[in-house]
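K.L.:
Before I ask anything, here is the structure I am working with.
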Amino acid sequence: MLKAWKWYQHCLSSHPVKTQIVSSGTLWGIGDIGAQYITHSTATSLLPKSQNEGAEFKINWKRVAITSMFGFGFVGPVGHFWYEGLDRFIRLRFLLQPKSPRFVATKVAADGIIFGPFDLFVFFTYMGFSTGKNVAQVKEDVKRDFLPALILEGGVWPIFQVVNFRYVPVRYQLLYVNVFCLIDSAFLSWIEQQKDAPWKQWFTSFQPLKERGGR
């Protein structure tokens, strides 16, 4: 384990962007497998016992590849420059003491307001187009999935980021994020696979009165 950690440190020092791309793609792929298993287990648990016995879990490798590409192509490179740039910008622009409460709060707020929604929008848009859907279908998917994911993630992710920005050195903050991206990728993949689940309708039911009256 120690050798693996030293090897990772060496890769991160020598090739930081490439290391983040590979680790992000790998973790997002593993996360999607976890999401598939959770979805399968939930579905089979609702079936009668006679049907449940023949419901074998099979990994959708095409979906794993698609999700991994999101990690390789977006999370890795964009996440690398985002966290490095965010730390530098707040230190130089606001002249805040690193690790101070105001410094951490500013980083958490910027991450949640800017990068969080952008990441979700890109994920759901990419997953829609990569599975062959047209613009209208992707728009409906984003409308259906974006708000539930944003609200649920918004209640948990800032807590992880407070710990990250307060206690983890900047050099390893990307590794910390990528580890939790294993859980996050499983969560987002699960959200996307839920399609038109009834619980999602609760989030999208809060529409303007004017829009409701037009229906």
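K.L.:
Determine whether the range 2-24 contains at least one residue that is of a type outside the set (A, V, I, L, M), under 14 Å from Ala65 (Cα atoms), open to solvent by 40 Å² or more (accessible area, probe 1.4 Å) and assigned to a helix (DSSP H, G or I).
P.N.:
No: the range 2-24 contains no residue that is of a type outside the set (A, V, I, L, M), under 14 Å from Ala65 (Cα atoms), open to solvent by 40 Å² or more (accessible area, probe 1.4 Å) and assigned to a helix (DSSP H, G or I).
K.L.:
Then there is this: Could you please let me know if Ile90 is exposed (fewer than 15 other Cβ atoms within 10 Å of the Cβ) and either of a type outside the set (Gly, Ala, Ser) or under 17 Å from the mean Cα position of the chain (by Cα) (or both)? Walk me through how you get there before you give the answer.
P.N.:
On the way: exposed (fewer than 15 other Cβ atoms within 10 Å of the Cβ): no; either of a type outside the set (Gly, Ala, Ser) or under 17 Å from the mean Cα position of the chain (by Cα) (or both): yes.
No; evaluated as a whole, the condition is false for this residue.
K.L.:
Of all residues in the range 131-149, how many are surrounded by fewer than 16 Cβ atoms within 10 Å (Cβ to Cβ), assigned to a helix (DSSP H, G or I) and either of a type in the set (Gly, Ala, Ser) or free of Cβ contacts under 8 Å to residues at least 40 places away in the same chain (or both)?
P.N.:
So the answer is 5.
K.L.:
Condition first: within 21 Å of Lys18 (Cα to Cα) and aromatic (Phe, Trp, Tyr). Now tell me which residues in the range 76-131 satisfy that.
P.N.:
Phe81, Trp82, Tyr83, Phe115, Phe123, listed by residue number.
K.L.:
Same structure again: Would you call Asp111 closer than 15 Å to Ile191 by Cα, of a type in the set (Asp, Glu) and open to solvent by less than 80 Å² (accessible area, probe 1.4 Å)?
P.N.:
Here the answer is no, as Asp111 does not meet what is asked.
K.L.:
Starting from residues that are of a type in the set (A, V, I, L, M, F, W, C) and either surrounded by 15 or more Cβ atoms within 10 Å (Cβ to Cβ) or in contact (Cβ under 8 Å) with a residue 40 or more places away in the chain (or both), keep the ones in the range 150-167 and report whichever is farthest from Ala110 (Cα to Cα).
P.N.:
Ile151
The values are calculated or read from the model by the stated rules, or taken from the named source; none is laboratory data. Small disclaimer: the values here were computed from a predicted structure and weren't measured. Heads up, the Cβs are rebuilt from the backbone with ideal geometry, glycines too, and the neighbour counts pull from every protein chain shown. Surface areas here come from the heavy atoms of the whole protein model, side chains and all, with no ligands, DNA or RNA. Shrake-Rupley method; radii C 1.70, N 1.55, O 1.52, S 1.80 Å.
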